[in-house]
Amino acid sequence: MTTDDTELGVDPGDLTDDDLFRELAQLYATRMDALRHAADQAYGEHTRRMNQLEAEYLRRWPGREIDPERLREGARAR
């Protein structure tokens, strides 16, 4: 994974499942601060990495369990 010939982070495909979850948790924990306070470039890198990690998660677990409450119909029932 390169951007302008500079490697930025470990390729998500090379992470163990535990490392992938840990990386995602750390990104989500820092997301609001990045949105509110990071320079545009830093926020862009945060977003790029989040997209990479989330894509890897979806690649590994395409049949993940979907919570019916998270669907439009489930939300209406609340």
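Numbers below:
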read-out	value
Residues of region 15-46 classified as within 24 Å of L58 (Cα to Cα) and either surrounded by 12 or more Cβ atoms within 10 Å (Cβ to Cβ) or within 12 Å of the chain's Cα centre (by Cα) (or both), total	19
Matching residues, region 65-78, being in a loop (DSSP other than H, G, I, E, B) and either at pLDDT 95 or above or in contact with a helix residue (DSSP H, G or I) (Cβ under 8 Å, 6 or more places away or on another chain) (or both)	D67, R78
Every residue from region 47-68 that is loosely packed, with under 11 Cβ neighbours inside 10 Å and among the β-branched types (V, I, T)	I66
Residue check, Y28 among the hydroxyl-bearing types (S, T, Y), out of contact with any Cys (no Cβ under 9 Å at 6 or more places or on another chain) and under 30 Å from A77 (Cα atoms)	yes
Qualifying position, being among the hydrophobic types (A, V, I, L, M, F, W, C), in a helix (DSSP H, G or I) and touching a residue at least 40 places away in the same chain (Cβ under 8 Å), among L53, L58, L35	L53
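The values are calculated or read from the model by the stated rules, or taken from the named source; none is laboratory data. Everything numeric in this text was worked out from a predicted model, so none of it was measured. Cβ atoms come from the backbone with ideal geometry, glycine included; neighbour counts cover every protein chain shown.
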